[in-house]
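Asker: I have a structure I would like to understand better, so I am pasting it below and will then ask my questions one at a time.
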Amino acid sequence: MSMWPNGVYFQSQIFYCSRWTREMDQTFVDCLVEHSRSGLFHLDRPSIHAVMCSLYDVNKTYGTKVVYEWAQNRVEHLRERYNLFRWVVNTEGIIWNARLGLVTGPDHV
């Protein structure tokens, strides 16, 4: 895994691998969002049905054979990332720059 000189890893080096790509993640999340909009999924209490339907779409689209347990672990991982993101963005002096897709803040934070 290559690092930037200051020790920062690229997000893709940490969150994705040959078994689970950024594109698969996007398909999975898009499906979960659709289930959320229809009231069938909530990140605090994910339903087996919503996760299975989303997993089916990923496996069908990418020709993979990802199993439910792995998908459920992914939901948990996404929830942890979301909670960390919310905590960081709610820290005084930190802002989310949607144009750049970065969290920014002063050096002293």
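Asker: Which of the residues belonging to segment 1-42 are among the aliphatic types (A, V, I, L, M), part of a loop (DSSP other than H, G, I, E, B) and at pLDDT 55 or above?
Answerer: Leu40
Asker: Another question, if that's okay. Cβ contacts < 8 Å: first residue surrounded by fewer than 12 Cβ atoms within 10 Å (Cβ to Cβ), restricted to segment 22-50; second residue part of a loop (DSSP other than H, G, I, E, B) and at pLDDT below 90, any location; separation 6+ or different chain. Result?
Answerer: Close Cβ pairs (under 8 Å, with a partner that is part of a loop (DSSP other than H, G, I, E, B) and at pLDDT below 90) amount to Arg22/Tyr16; His49/Leu40.
Asker: Cβ-Cβ under 7 Å, sequence separation 6+ or interchain: first residue in segment 55-82 and among the basic types (Lys, Arg), partner loosely packed, with under 15 Cβ neighbours inside 10 Å and not in a helix (DSSP H, G or I). Which pairs?
Answerer: Going by the 7 Å Cβ cut-off, the qualifying pairs are Arg79/Leu43.
The values are calculated or read from the model by the stated rules, or taken from the named source; none is laboratory data. Because the structure is predicted, anything quoted here is derived from the model rather than measured. So basically every Cβ, Gly included, is an ideal-geometry build from the backbone, and we count neighbours across all protein chains shown.
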